[in-house]
Amino acid sequence: MTFLSEMLQKRHIVSYVPVIGWARTYQRELLRDDLVSGVVVGAVMIPVAMAYAQMAGVPPQMGLYAAIAGMTAYAVFATSRHLKITTSSTMSIMSMAVVAPLAAGDPAAFMALSSALALTVGIIMLVMGIIKLGFVSDFLAKSVMTGYIFGVACLIAISQLPKVFGVPGGSGNFFQQVGQFIVNLPETNVYSLALGVGTFAIVLLFKHYKPIVPGALVALVLGTVLASLLPLSEQYGVAVVGVIPTGMSSPALPRIDLEAIPFLITGAVGIVFLAVGETLGTGRAYAAKYHYEVNADQELLAIGAANVSSGLFQGITIDMSPVSYTHLRAHETVLD
């Protein structure tokens with residue numbers, strides 16, 4: 001009876017902490033490709049995390065905190081093999097929409113509220129996972145999700161285009177920002193435009209002619225080299241990220257006004273449903289393609305733990321991002 005109870009207890013723990021199970025059966029021949037893929041994905045994730053943090057209205061290092069803390073927690077609790085939980089465009093836009101009215105232009109409050117929102121989203125997801133509400137994703141209409149994501153993509157595009165052209169960014173709704181962008185076009189910085197178009201071209205060319213080579217990483221390395229060798233900011237007027245504080249922040253509860261909590265909860269509920277639809281939908285698609293199963297309830301726990309970790313380490317709200325094509329090709333090569 002003692003042996004049986006110990007076995008049942010171990011199985012119960014493994015069901016909630018899948019890393020205990022798959023780490024024991026991990027195929028060593030996959031290690032090299034996983035390490036290479038991890039380096040590539042991690043390198044590309046650095047500028048992406050910083051960019052999405054700025055899109056959320058917070059300093060770029062908060063995106064790095066979110067990516068590091070979130071992915072560490074997700075890897076421990078997840079059942080999906082092809083998702084990474086990190087900063088994303090949809091979560092950044094949603095975070096900005098919820099936090100901006102509460103922060104009232106105070107940068108310190110903006111940062112604290114953004115982390116508090118991530119913590120709130122994480123707690124809600126943890127509760128949903130514990131009470132087995134993973135089935136909720138089955139009732140989210142794909143047309144609604146697609147329409148919303150398309151709208152977010154439009155907002156992202158118009159918010160980033162001014163940076164590519166080196167002109168002042170606009171404000172207001174999508175159409176107002178488009179109008180302001182057109183008005184500012186005569187002020188285009190040709191160096192910023194050349195750098196942006198060149199980066200885009202490198203990514204597309206590698207994707208078309210050498211898909212196994214991560215074009216985004218190549219563009220990242222070349223851009224970093226140019227920024228270090230040339231006085232892009234001083235002489236050519238190209239905006240650069242600048243110095244990023246080193247080190248990881250210590251875990252702590254965000255200090256916010258208690259009156260903001262109801263508003264954070266309201267905003268977090270909407271974010272949760274969007275994150276659940278995006279993450280579980282994509283996770284199931286990859287699982288079906290590569291012939292394994294994902295546990296919806298466990299994924300809620302994993303995403304919740306990732307957001308709680310992000311919030312405690314002064315990060316922002318995060319959700320899924322599919323792993324790179326290079327990673328998939330690496331695994332297919334070994335398995336074949």
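Please give the residues of region 109-143, grouped as numeric ranges, whose backbone N is less than 14 Å from a label point set 7 Å along the Cα-to-Cβ vector of Tyr16. Correct set: 126-132. Round to a whole number: what % of the accessible area of the chain belongs to carbon and sulfur, probe 1.4 Å? Within the chain, the accessible surface is 69 percent carbon and sulfur. Considering only Ile303, Ile265, Ile68, the Gaussian network model of the chain with Cα springs below 10 Å gives its largest mean-square fluctuation to Ile265. Charge dipole of region 30-166 (Cα centre as origin; +1 on each Lys and Arg Cβ, -1 on each Asp and Glu Cβ, all else neutral): 180 debye, rounded to the nearest 20.
Looking at region 140-268, the accessible area is 68 square angstrom per residue; that uses a 1.4 Å probe and ignores ligands, DNA and RNA. Each Lys and Arg contributes +1 and each Asp and Glu -1, all at the Cβ; summed about the Cα centre of the chain, the dipole is approximately 560 debye. Among the listed pairs Lys84/Lys210; Lys84/Lys207; Lys163/Lys289, which are separated by more than 32 Å between their Cα atoms? In this structure, Lys163/Lys289 lie more than 32 Å apart at Cα. The simple Förster model, with R0 at 30 Å and r as the Cβ-Cβ distance, assigns Val213 and Lys132 a FRET efficiency of 0.10. Taking each residue as 0.36 nm, the span from Ser233 to Leu193 lengthens on full extension beyond its C-alpha to C-alpha distance by 13.0 nm. With the Cα gyration tensor of region 116-249 giving a ≥ b ≥ c as the square roots of its eigenvalues, does the rule (a/c under 1.5 for rounded; else a/b larger than b/c for prolate; else oblate) give rounded, prolate or oblate? Prolate, since a/c reaches 1.5 and a/b exceeds b/c. Ranked from largest to smallest solvent-accessible area, with a 1.4 Å probe on the protein heavy atoms, Leu102, Leu35, Leu274 come out as Leu35, Leu102, Leu274. Over every Cα atom in the chain, the radius of gyration and the widest Cα-Cα span, Dmax, amount to 21.1, 80 Å. Annotation: extensible slack from Val178 through Leu204 equals 6.8 nm (criterion: 0.36 nm per residue apart, minus Cα-Cα distance). Between Ile182, Ile130, Ile212, the GNM of the chain built on Cα springs shorter than 10 angstrom shows Ile182 fluctuating the most.
In the elastic network of the chain, a GNM with C-alpha springs shorter than 10 Å, the most mobile of Ser249, Ser80, Ser309 is Ser249.
The values are calculated or read from the model by the stated rules, or taken from the named source; none is laboratory data. On a predicted model such as this, the values are computed, not experimentally measured, just so you know. Ideal geometry is used to build each Cβ from the backbone, glycine not excepted, and the neighbour counts take in all protein chains shown. Quick note on the areas: whole protein, heavy atoms, side chains included, nothing else; ligands and nucleic acids left out. Shrake-Rupley method; radii C 1.70, N 1.55, O 1.52, S 1.80 Å.
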